[in-house]
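Single-structure report; data block below.
We did not get these values from a lab; they are worked out from the coordinates using the rules stated. Not measured: the values here are computed from a predicted model. All Cβ positions, even for glycine, are placed from backbone atoms using ideal geometry, and neighbour counts span all protein chains on display.
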Ligand SMILES: [Zn+2]
């Protein structure tokens, strides 16, 4: 192992390589009540489970718990303190599905609660033998706790749609694809979010961490005012992810 990751020509190539920014709006399928999109399922197992924290009432949107990657998760610590108004913050299981959006021509992610995932998996399993030939309408119905997502087979595809469908022949979803959509925050960013939400951070975290979190907030503010900052995780609407589901 070396601390040098690229040398000479390779370093130059690496330097010039454009940093690919992920467009989370495109990456994630987000539907309103009654909206749908047409998808192809590339296998019966293109979904994964992860642990997420969220507290919509406090403006903390769904984000992965960082404990599984060996970090000290500030959101777990905050949740353990059972502070008033932050009781929904504990880590919950969520599920990411990868669907090929045949109209967009790209593989996209859908982030589901446990209940929504159970329904979707049941739907996928029902058609598992036909995934190579059948496209689906992925549709949302309802709001808040009544929100449902369904997959209904499209009985016949037009010739042009068959072509769109066929573009995904042989395409598979790699685990890294799910990882790229999850965007974990750093511990300091987590503390910054808690600080913005009014959580008593000074009593909970080390002074240098609180200081760094304040600096992070300043950086976010600067980015918001015209600077080019790191895009935050797309905001899931509250009714997509009601805490009460768990
Ligand atoms: Zn956590």
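Would you mind telling me the antiparallel percentage of the DSSP bridges in region 26-241, rounded to 5?
Around 95 percent antiparallel, to the nearest 5.
State, as an integer percentage, the relative contact order of region 26-241 based on alpha-carbon contacts under 8 Å between residues 6 or more apart.
The value is 26 percent.
Of the peptides 54-60, 129-135, how do they stack up when ordered by the mean number of other Cβ atoms within 10 Å, highest first?
By packing density, highest mean first, the sequence is 54-60, 129-135.
What's the long-distance tail for region 22-172, i.e. % of Cα pairs beyond 23 Å?
Considering region 22-172, 43 percent of its Cα-Cα pairs are separated by more than 23 Å.
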